[in-house]
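Structure, as structure tokens:
Read-outs throughout are calculated quantities, based only on the coordinates presented, and are distinct from any laboratory measurement. The structure presented is a predicted model; accordingly, all values stated were derived computationally and were not measured. Don't worry about glycine lacking a Cβ; one is built from the backbone with ideal geometry, like all the others, and counts go over all protein chains shown.
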Amino acid sequence: MSLLQMIVARENDVMRLDAALHGGAQVEARRDLKQAIAGLEEQIRTLEAADVAATARAEELAAEQSELALRLGHMRSAEGARDYRQATQIEHETEVLQGKLDTVEEAELELMEQSEQRKLQLSDLVAQLEIKRGEYVVLLDDQARIQAELSSERDAKLAELDDLITQLPEPTVSLIQSVRSQGVSPALALMHAGYCGNCHMALSSALRGKVTSQPSVLQRCEECGVLLVAEGEGDL
């Protein structure tokens, strides 16, 4: 393998590690877990708000129940009235009050059942939330460890790359630096079967001939501007 080919290989290594360091997979994993945590927290808040509203309603029903029970007691104590018409009216009002009281008691019972269901749901959601938060902490730790390993490997490859470049003739080093300053990355790529190894576009026959016949004289891809390195053996 020529020196230029070794440089291309190291440059590809550095780019691969850069992509891994800033890759979307880790970001997506963090995002998905954060969304799951936020969703659970929102469900918990919704249930807690419903419980507060239900508690307030239960207090209203309890007050209404007390009032109805008191009125019903007064009505029943008056049922012995001698006047038939008055007694009939009292009996009717007593039945109405009893119906209202039954309705209130049923509503209270339903609220109690709903409250128990919400407590079970809340308990389950809180448990799920704790699990997801734990998973998030583990994920961050794992990603931090992986990032440190990748960063260390990238630094080593970059040092190798810089060392290899210093072994090139000064004009070639200047050319590589010039290409890099123009934002071309990677600066070098192999020409493979007449195609640019960076943008994968077909190269003109004239350019292919130059790259093959003069491997030490770097040519630029007509499409992406990368410096082309011949695949065959050469001095550089």
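Nearest 0.05, what FRET efficiency do residue 45 and residue 116 give at R0 = 30 Å with Cβ-Cβ as r?
Details: r = 20 Å, r/R0 = 0.65.
The calculated FRET efficiency here is 0.95.
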Quiz item: Where the Cα atoms of the stretch 1-134 are projected onto their three principal axes, how long is each span, largest first, in whole Å?
Solution: 122, 21, 15
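For the stretch 104-236, what does the convex hull of the Cα positions come to per residue, in cubic angstrom?
207
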Quiz prompt | Options 9, 36, 230, ranked by Cα towards positive dipole end of the chain, top entry (Cβ charges) | solution = 230
